[in-house]
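Structure first, then comments.
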Amino acid sequence: GAVVSQHPSWVICKSGTSVKIECRSLDFQATTMFWYRQFPKQSLMLMATSNEGSKATYEQGVEKDKFLINHASLTLSTLTVTSAHPEDSSFYICSARVASGGVLETQYFGPGTRLLVL
Amino acid sequence: KNEVEQSPQNLTAQEGEFITINCSYSVGISALHWLQQHPGGGIVSLFMLSSGKKKHGRLIATINIQEKHSSLHITASHPRDSAVYICAVPNSGGSNYKLTFGKGTLLTVNP
């Protein structure tokens, strides 16, 4: 099946620094990628929808200046957590949408990136 | 927004038992996803189905569109099946590919 990778898988940083997370679709082109955040024992929460070549669409309550998303190619989207603070510590997951051309749409999920801000 | 309810929240089984996890949603959909999340956090897409039943190995997923309900069954469960199982449905009133996730069912299969 389709593979989505994320890098890094783990990151620990000091408060105030910026962290970049990459999401790549390895064997297919993804016109749309999604970024999710998951706190312990919570559901995945959609942060933003990223379309190649255009600005990301952020969900309500997600600060677009804090979570910068770039989707420069059909196989790569990046999420940059700027000036990270301890409350940004979370599990960040991306998914890539494969358009089937019909009513069924499928998403392939990356393995996630665990961020710990000290 | 679609509301998603999963049951049970936690499930402990002995190896070999038949497992059923349920998912109900509030708004009609075109397709429903079943996902598996292992303790390390990575998510695997198990099924996407819009009607009837799908089978993959020991996993079976069924959906009843009229009743807005889906079930995930695991036959002959094994300790390696221990994970969180999550159902996800498209949000209502917008694009069909924004998903709303259930809170997940934590399955523990003991040897």
> Counting other Cβ atoms within 10 Å of each Cβ, which trypsin sites (Lys or Arg not before Pro) in the stretch B:1-80 have at most 11 and sit in a DSSP loop?
Replying inline: B:K1
>> From Cα pairs below 8 angstrom and at least 6 apart in sequence, can you work out the relative contact order of the stretch B:15-56, rounded to a whole percent?
In response: 30
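Answer rounded, prolate or oblate for the stretch A:1-72, using the Cα gyration tensor with square roots of eigenvalues a ≥ b ≥ c: rounded when a/c is under 1.5, else prolate when a/b is larger than b/c, else oblate. Don't skip to the answer; put the middle values down first.
Working: a/c = 1.43, a/b = 1.24, b/c = 1.16.
It comes out rounded by the Cα gyration axes.
Cα convex hull of the stretch A:6-118: how many Å³ per residue?
Values: hull volume 11.6 nm³, N = 113.
Per residue, the Cα convex hull of the stretch A:6-118 comes to 103 Å³.
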> Which GluC sites (Glu not before Pro) in the stretch A:15-100 pass both tests, a DSSP loop state and at most 10 other beta-carbon atoms within 10 Å?
Replying inline: A:E63
>> Just to be sure I understand: if I project the alpha-carbon convex hull of chain B onto a plane and average over all orientations, what area do I get in nm²?
In response: 6.3
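Please state the charge dipole magnitude for chain B, taken about the Cα centre, from unit charges on C-beta atoms (+1 on K and R, -1 on D and E), reported in debye and rounded to the nearest 20.
Details: 9 positive and 6 negative charges, 61 e Å.
Dipole about the Cα centre, nearest 20: 300 debye.
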>> Taking only the Cα atoms of the protein assembly as shown, how large is their convex hull per residue, in Å³?
In response: 121
> What GluC sites (Glu not before Pro) does the stretch B:1-55 have in DSSP loop regions with at most 11 other beta carbons within 10 Å?
Replying inline: none
>> Can you compute the label reach from B:H69? Point 7 Å from Cα along the Cβ direction, backbone N cut-off under 11 Å, restricted to the stretch B:22-44.
In response: B:22-25
> Cα to Cα, under 20 Å, and not fewer than 8 places away if on the same chain: which lysines meet these conditions relative to B:K68?
Replying inline: B:K1, B:K53, B:K54, B:K55, B:K98, B:K103
> Over chain B, what is the relative contact order in whole percent, taking alpha-carbon pairs under 8 Å and six or more residues apart?
Replying inline: 37
> With θ set to phi - 60° and the Karplus curve 6.51 cos²θ - 1.76 cosθ + 1.60, what are the ³J(HN,Hα) couplings of the stretch B:29-38 in order, to the nearest whole Hz, using x for Gly and Pro?
Replying inline: 9, 9, 7, 10, 10, 10, 10, 10, 10, 7
>> In whole Hz and in residue order, list the ³J(HN,Hα) couplings for the stretch A:37-51 that follow from phi through the Karplus curve 6.51 cos²θ - 1.76 cosθ + 1.60, θ = phi - 60°; x for Gly and Pro.
In response: 10, 9, 8, x, 6, 10, 6, 5, 10, 5, 9, 7, 10, 10, 10
> So what are the ³J(HN,Hα) numbers for the stretch B:75-82, from phi and the Karplus equation (6.51, -1.76, 1.60; θ = phi - 60°), rounded to whole Hz, Gly and Pro as x?
Replying inline: 8, 6, 4, 9, x, 6, 7, 4
> Relative contact order for chain A: what is it in percent, counting Cα pairs under 8 Å that are at least 6 residues apart?
Replying inline: 36
>> Using +1 at the C-beta of Lys and Arg and -1 at the C-beta of Asp and Glu, which of A:G112, A:L46, A:A30 has the Cα lying farthest in the positive direction of the dipole of chain A?
In response: A:G112
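Read the figures in this text as sums done on the coordinates, not as results from a lab. All values reported here derive from a predicted model rather than from experimental measurement. Virtual Cβ from ideal backbone geometry, glycine too; neighbours counted across all protein chains shown.
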